[in-house]
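First comes the structure, then the notes that go with it.
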Amino acid sequence: MKYSMRFVLMVLAVVVIAAFAACAEGDVEVAPTVAPTATAEPTATATPEPTVEPTPVGPDLSRFADVPEIVDPTNYGWPRSVETTEGVITLDAPPEKIHSLSLGHTEILAALMDFERLSAVYSFFVDEEQSNIAGLSADHNMIGFDPEEVVALEPDVIVASRFTNADTVALLNGAGNLVVRAALENSALGNVPNILLIGYLIGAEAEAVALVEDIEARMEVISDLLPGGDKPRVLSISKFTSVFAAGSGSTEGGIIEQAGGINAAADSGIEGHLQVSVESIAAINPDVIIVPQPLEGADLFIEELVSNAALADVPAVKNGEVHYVLPKYHTTLSHWNVRGIEQLAGLLYPEAFAGVTFEDFSSWPDYGVGSE
Amino acid sequence: MLVFVGGDGAGGGSSGVSGPPSGSVLKRVGGGALVLGAATIVMVIVASAVGPFNIPISHTVSTLLDLIGIGDSAAKPTERAIIQSIRLPRIFLAFLVGSALGISGGIMQGLFRNSMADPGIIGVSSGGATGAVAAIASGASTVSTLFLPLFAFIGSGVAMAAVFLIASTGGRFSMMTLLLGGIAVGSFLGAITTATIVLTDNLSVQRQIIFWIAGGMDTARWESVRIAAPIIVTGALIAVFVARDLNLLLVGEDEARALGVRVTLVRNTLLVTASLITGAAVAFSGIIAFVGLIVPHVVRLVVGADHRVLLPLSALAGGLFLLIADTAARVVLSPAELRVGILTALIGAPFFIYLLVRNRTRLSI
């Protein structure tokens, strides 16, 4: 009986010790739930920064919902699909080697990704007067115009434009390449869906949104500063043996209208680029003439215009408003034509744009997350 | 489809073809020249009056009269400048080029006894095109406005010399070798032109070449007229001067020789003359299709095959035709322009087909 009592006392003692231990462990578990509470008021402390991470602001992916070529605008993973006139293509992973058949698309790609991802460039990309990526292209792999050379590069995806020959696209498709035929528009904001499509295609959504926002901000500055009232009639002409005027539907015409001018050639019924005579210039009677062609020929042409007696009464000639403008800003179909709009707006409305400095567009990695 | 030119007899047959200028010949030349001259004067006034810039007809007429020393111009300074420095040089150049192509087409059709021959048959136009392409591709055309026509004229001359050398190989000149050599040289030079277009990566160069080949008068200046006129007028006068001997050559070289014609001299003079005036025309206008082929053909249908009548009237008719075509090219898309070479082919080809069908029996084809 005496051993029984001792056993009972020992059991009781163990139970009490266990209960105590259990209570002690319960205190440990409670502690973490208290801790966040204690740190939940960092703004009231003197050192909040190290303890709170700012929420990263991602690209506004809702922008991609308006791009009709994106098959599933909720899918930002891989594989992803786009549908252009060449049909639906699906990329299983971000394309590492990209080939572009047009200068305009290459200029856009240069803003969205490392230029090294471009499989090759063409010789006219290095022309500093016509190309906005001449410097980047100078030391790059250069190929000729034979589609065989493109196939040999084994690109993951090929970007064609609406100007690319259908046979070339068929050949590249037939050789097993993935070809996307993307648009190129002559209006700055019209190109936004195109830039977003290219960004989505190569997995550079953040860069594409950043570039688009840059374009929109620049265009907003221009529209805010453009004065109301009468608009000047602007004629864009170039002389390559014969004289050509840029009418409706041309890149130059789009730039003129977005810079707050009236495209005088379009106003006179000219569509696209058509040959005109010196007499036609007198008949069109523009307030401003711009000459977007290589400087070597432009100098001679401007001299011819200002010294021609038949043009002496044309307001542009009479008022000294015949200007050379950089062809690479006025003939490109990429976002770089915004630079043409900015320069021309400054030329047409010097007072409104006095003190405003426009800068060139950046190339990757200055846009978005590409710099990581 | 070969046609023996000498025998069609249209408009008077071969009667008196080999004799000295008779009263009949002078009458026919004079009558034709009167009609074509009057039409040309009317067309000069019309072409001076129309264009993208609106100028009242009274201002145009008074300016034209003022320029020949009658009365004073009522035109404003700009109107006068447009008529005087833009429209008139273009009118004169169009007439000169058309005349050159018309008369050289007549010479070539006579020499080759083939009404399908045209001024470019011995590669002169292709040579001019290659020269022009060299000026455009090398950038020389941007240095001076004269370099492009100069290069084109040199190209025509080199092509002509090459074809003559080929035809004279072995010390014996052959018209058949000249024709085939001309086709071969023309094809070779055409390939160079095409290769330049295809291989250049400069889009503006491509565009310039294509436009130049399509032919046009838009670069006309008084300077162009001053350079082209002496070559073309001198060539035309030489051709008319030896037209009688060309008539005799149509009968056959041996027969002509028997009648006292210095066959080699006459043939070479006519070939060189036709080539030079074609070269001068091509240099300032580019390649203009159909004028050299269709104009002598039409004139022959009206006045017959006597080259003493055919050649001067082909010159006048060619000038008038190209003046009409160029005026249409200036106004049809106004204020834009159409290349005149496109228009001459668009007008010329259907008209030529119509004539062929209509005169099939008479032409023995």
May I ask you to derive the relative contact order of the stretch B:275-349, considering only C-alpha pairs under 8 Å and at least 6 residues apart, and to give it as an integer percent?
-> 36 percent
What spacing in nm lies between the two simple spin-label points modelled at B:I342 and A:E303, each 7 Å away from Cα in the Cβ direction?
-> 3.1 nm
Cα convex hull volume per residue for the stretch B:179-286 (Å³) = 114 Å³
Rel. contact order, % - alpha carbon contacts under 8 angstrom, at least six apart, chain B = 31 percent
Integer Hz, Karplus 6.51/-1.76/1.60 couplings in order for the stretch B:140-151, x for Gly and Pro = 4, 5, 8, 7, 8, 5, 8, 5, 5, x, 5, 4
Ellipticity estimate at 222 nm from DSSP helix runs (n ≥ 4, -39,500 (n - 2.57)) divided over the protein assembly as shown, nearest 500 = -18000 deg cm²/dmol
When the convex hull of its Cα atoms is projected in every direction, mean area for the stretch B:240-365 (nm²) | 8.8 nm²
In nm², what is the average projected area of the convex hull enclosing the Cα atoms of the stretch B:95-241?
-> 9.5 nm²
Can you run the Rg to Rh ratio on the protein assembly as shown? Use alpha carbon positions and the Kirkwood inverse-distance Rh.
-> 1.23
Using the alpha-carbon centroid of each, what span in Å lies between the stretch B:76-140 and the stretch A:218-256?
-> 36 Å
To the nearest 0.05, how large is the calculated FRET efficiency for A:L295 and B:S174 if R₀ is 60 Å and r is the Cβ-Cβ distance?
-> 0.70
Probe 1.4 Å, all chains present, heavy atoms only: B:W222 accessible area in Å², nearest 10, is 80 Å²
Tell me, in nm to one decimal, what length is gained between B:V331 and B:L165 on full extension, where the rule is 0.36 nm per residue of separation less the Cα-Cα distance?
-> 55.3 nm
Cα pair distances exceeding 32 angstrom across the stretch B:5-363, given as percent | 32 percent
In Å², nearest 10: area of A:W364 left accessible to a 1.4 Å probe | 70 Å²
Excluding ligands and nucleic acids, what accessible area in Å² is computed for A:K328 using a 1.4 Å probe, to the nearest 10?
-> 40 Å²
Equivalent-ellipsoid semi-axes of the stretch A:61-222, from the Cα gyration tensor, Å, largest first = 23, 20, 14
So for R0 = 60 Å, FRET eff. of A:L189-B:K27 from the Cβ-Cβ r, to 0.05, ends up at 0.25
Using a Förster distance of 30 Å, the FRET efficiency for A:D167-A:S81 (Cβ separation, nearest 0.05) | 0.75
If you stretched the chain out fully between B:A191 and B:A229, how much longer would it get, using 0.36 nm times the residue separation minus the C-alpha to C-alpha distance?
-> 10.6 nm
Relative contact order in percent for the stretch A:61-222 (Cα pairs under 8 Å, 6+ apart) equals 25 percent
Order A:T85, B:T78, A:T168, most accessible first, counting only protein heavy atoms with a 1.4 angstrom probe.
-> A:T85, A:T168, B:T78
Quickly work out the B:D254-to-B:L203 label distance, labels modelled 7 Å from Cα along the C-beta direction, and quote it in nm with one decimal.
-> 6.3 nm
Of the listed peptides A:260-272, B:40-52, what is their order by residue-averaged count of other C-beta atoms within 10 Å, with the highest listed first?
-> A:260-272, B:40-52
Rounded to whole Å, sorted largest first: equivalent-ellipsoid semi-axes of the stretch A:227-348, Cα gyration tensor = 20, 16, 14
Which lysines have a Cα less than 20 Å from the Cα of A:K231, not counting those fewer than 8 places away in the same chain?
-> A:K318
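The values are calculated or read from the model by the stated rules, or taken from the named source; none is laboratory data. Everything numeric here is computed off the predicted structure, so don't read it as measured data. Because the Cβ atoms are built from the backbone with ideal geometry, glycine has one as well, and the counts that use them run over all protein chains shown. Note: areas computed on protein heavy atoms with side chains; ligands, DNA, RNA excluded. Shrake-Rupley method; radii C 1.70, N 1.55, O 1.52, S 1.80 Å.
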